[in-house]
Amino acid sequence: MVKRGSSTFLLSMLCFGMAFLYVPMFLLIVYSFNNSKIVPVWGGFSTRWYKVLFESEEVWNALALSVKIALVNASFATLLGTLAGLALVRFGSFRGRTLFGGMVSAPLVMPEVITGLSLLMLFITLKEFVGWPDKRGFATITIAHITFSMAYVAVIIQSRLTGMGTTLEEAAQDLGARPLRVLVDITLPLLAPGMLAGWLLAFTLSLDDLVIASFVTGPGSNTLPMLIYSRVRLGLRPDINALATIIIVTVMFAVAIAGWIMMRQQKQKEREMQLATTGDAQ
């Protein structure tokens with residue numbers, strides 16, 4: 001039984017942690033409607049900075065570039081991470097497995113500064129020997145993001161494969177299904193939730209990255225995090241608060257929709273199990 005004093009302490013720490021995380025976000029949202037050019041000084045309610053933000057071509061270009069990079073990165077990282085996870089879990093022991101597993105997981109523990117610097121040196125070397133890349137931008141940032149994002153996807157896929165076992169796959173093979181058929185009809189559908197989670201994680205990591213993108217980009221190819229950072233370095237600006245508010249609200253809606261979908265799926269499964277139980281009883 002938990003003592004009252006211990007329970008009160010834990011509740012207090014929980015409230016403090018939640019406040020430490022969400023109060024700054026709430027203040028940021030409030031000050032995005034500040035009419036004053038000086039962020040900490042309240043000058044009255046106004047939406048002028050949202051108008052300034054939506055009229056900024058630089059912001060829209062940075063957002064479009066970030067979203068395109070994130071979409072391509074998430075798709076390729078999910079594909080490569082899934083293949084890597086399958087190789088590590090389903091192919092058993094093979095020559096070089098330890099080295100391959102270490103190379104796949106290395107980006108997880110490698111400092112982003114080192115990753116960015118090494119990729120920059122790679123692109124400079126390729127430029128000297130093969131003439132590519134002509135300039136650093138969309139392609140180089142996307143390749144860099146795929147390099148570290150696929151490691152996160154591979155870990156998720158490994159966990160999913162380990163948890164679901166091999167019973168269904170072995171049963172399908174016993175019934176005469178070929179390995180490719182088993183992969184398409186059994187393994188991939190069971191992996192779908194993990195692949196979706198990996199895709200979303202890779203998309204988020206790419207959209208949020210600043211350090212690695214700063215190393216492998218060139219003039220005129222600013223991503224949204226780079227644009228925000230460059231503006232904040234010159235001082236807090238109300239239009240950046242407006243941009244951050246839009247991002248926070250978008251994420252909140254996305255999380256709410258995802259939670260609603262998951263609740264519907266859970267209720268559907270419970271209804272199906274209840275109907276199955278009722279049918280067996282009859």
Which condition number in (1) farther than 30 Å from residue 50 by Cβ; (2) surrounded by 11 or more Cβ atoms within 10 Å (Cβ to Cβ) is the one that residue 271 fails?
(2)
In region 103-121, which residues are of a type in the set (A, V, I, L, M) and either within 23 Å of residue 85 (Cα to Cα) or surrounded by fewer than 16 Cβ atoms within 10 Å (Cβ to Cβ) (or both)?
103, 104, 106, 108, 109, 110, 113, 114, 117, 121
When you look at residue 210, is it under 30 Å from residue 50 (Cβ atoms), at pLDDT 85 or above and among the hydrophobic types (A, V, I, L, M, F, W, C), yes or no?
yes
Going through 56, 93, 118 one at a time, which residue ends up being polar (S, T, N, Q) and either within 25 Å of residue 179 (Cβ to Cβ) or in contact with a Phe, Trp or Tyr (Cβ under 8 Å, 6 or more places away or on another chain) (or both)?
93
Take residue 75 and tell me if it is surrounded by 14 or more Cβ atoms within 10 Å (Cβ to Cβ), within 21 Å of residue 145 (Cα to Cα), modelled with pLDDT under 90 and not aliphatic (A, V, I, L, M).
no
Kindly list, by first and then second residue, each pair from a residue in region 43-71 that is under 26 Å from residue 148 (Cα atoms) and among the aliphatic types (A, V, I, L, M) to a residue that is at pLDDT 90 or above and not in a helix (DSSP H, G or I), limited to pairs with Cβ atoms under 8 Å and residues at least 6 apart or on different chains.
62/222; 62/223; 65/222; 65/223; 69/223
At least 2 residues that are in contact with a Gly (Cβ under 6 Å, 6 or more places away or on another chain) in each: list the helices (runs of 4 or more DSSP H) lying fully within region 106-194 that qualify.
138-164
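The values are calculated or read from the model by the stated rules, or taken from the named source; none is laboratory data. It should be emphasised that the depicted structure is a prediction, and the values quoted were computed from it without experimental measurement. Quick reminder, even Gly has a Cβ in these numbers, built from the backbone with ideal geometry, and neighbours come from all protein chains shown.
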